[in-house]
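Just below is one structure, and these are the notes that go with it.
The values are calculated or read from the model by the stated rules, or taken from the named source; none is laboratory data. Please read these numbers as outputs of a predicted model, since none were measured by experiment. Because the Cβ atoms are built from the backbone with ideal geometry, glycine has one as well, and the counts that use them run over all protein chains shown.
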């Protein structure tokens, strides 16, 4: 860490610890770039089923460029415009409906979510009953459960759910997980399931994605060192909510999830000497900078970075967008 900051007249000092990594992950970059690329290639409108990622700033920016966001394909008129599926993934019925309607569909599902879909399908083909650890109502969970017939997947959200779960055949069980869960919470649920069902089959490689894991680890390092923490992210962003929870559990006295600087409750951040800042995987860095600027208007800010991991993951665009790019 650097030396203590100097005090500027009229402003108290504030040490800001920036978590690294933070913000966009490779799956989010791919999804946003898919919409941007489709707009550049085909022009507006480009239809997007569900928010492409869970961030209002990103969604509004794309909407201003000509993206039209819908919740269901039934909201889309007959069109030859591109229709993009969000990073969270969709049930099999969605691309089937798109094909029936001859829509020009582009799948921006994060490849790590697709990996979970494939695992679930393999377990099902092998005759296993599947447990999905995740949060009800999240689009990723709906998409994963929608890969298989109704009743093939049981959703488990809590330790209590894991305790109460009664399988049809305890010897033919497998589990998969949502990619954006709390690493520690999920580990506890898996531990309980393994204790109850020793032969349960798990994924070859952990389903919680590298970005979720790395961002939580950075928060664990920073949270005990600061008076308060801000997680930049949306209320409907699972990975952002988990970062806030991780900060509180790791010893931070006050952790808040905010979307923009205007959302900061200054009454709760008025008497701090140190602040941690991170961002969910769908929050752009410009919003982190906006938050820092807001504090710099009130404090003499010194910023340090605490790094938990290096990330170099890259996912290529959906094939039709790559092919058109190569043809230019």
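Residue-level check: of (1) under 26 Å from residue 32 (Cα atoms); (2) surrounded by 18 or more Cβ atoms within 10 Å (Cβ to Cβ), residue 294 misses just (1). For the stretch 230-242, the criterion of a residue being over 20 Å from the mean Cα position of the chain (by Cα), outside the structural domain of residue 140 (by TED's automatic domain parsing) and surrounded by fewer than 16 Cβ atoms within 10 Å (Cβ to Cβ) is satisfied by no position.
From the set of residues in the stretch 91-131 that are within 17 Å of the chain's Cα centre (by Cα) and within 27 Å of residue 192 (Cβ to Cβ), which is surrounded by the fewest Cβ atoms within 10 Å (Cβ to Cβ)? In this case the residue turns out to be 115. Scanning the stretch 300-323 for residues that are assigned to a loop (DSSP other than H, G, I, E, B) and more than 30 Å from residue 43 (Cα to Cα) returns 308, 309, 310, 311, 312. A residue that is within 29 Å of residue 268 (Cβ to Cβ) and either outside any loop (DSSP other than H, G, I, E, B) or in the same structural domain as residue 94 (by TED's automatic domain parsing) (or both) occurs nowhere in the stretch 159-182.
The one condition from (1) out of contact with any helix residue (DSSP H, G or I) (no Cβ under 6 Å at 6 or more places or on another chain); (2) at positive phi that residue 23 does not meet is (1).
Tell me, yes or no, whether the stretch 174-182 has at least one residue that is over 16 Å from the mean Cα position of the chain (by Cα), surrounded by fewer than 14 Cβ atoms within 10 Å (Cβ to Cβ) and within 18 Å of residue 120 (Cα to Cα). No, there is no match, as no residue in the stretch 174-182 is over 16 Å from the mean Cα position of the chain (by Cα), surrounded by fewer than 14 Cβ atoms within 10 Å (Cβ to Cβ) and within 18 Å of residue 120 (Cα to Cα). Set side by side, the residues 211, 223, 195 differ, and just one is modelled with pLDDT of 95 or more, surrounded by 20 or more Cβ atoms within 10 Å (Cβ to Cβ) and either part of a helix (DSSP H, G or I) or touching a strand residue (DSSP E or B) at 6+ places or on another chain (Cβ under 7 Å) (or both), which is 223. Among the residues of the stretch 48-96, those that are closer than 23 Å to residue 241 by Cα and without any contact (Cβ under 8 Å) to a residue 12 or more places away in the chain comprise 59, 60, 61. Filtering the stretch 132-142 to residues that are in contact with a helix residue (DSSP H, G or I) (Cβ under 7 Å, 6 or more places away or on another chain) and not in a loop (DSSP other than H, G, I, E, B) leaves 132, 133, 140.
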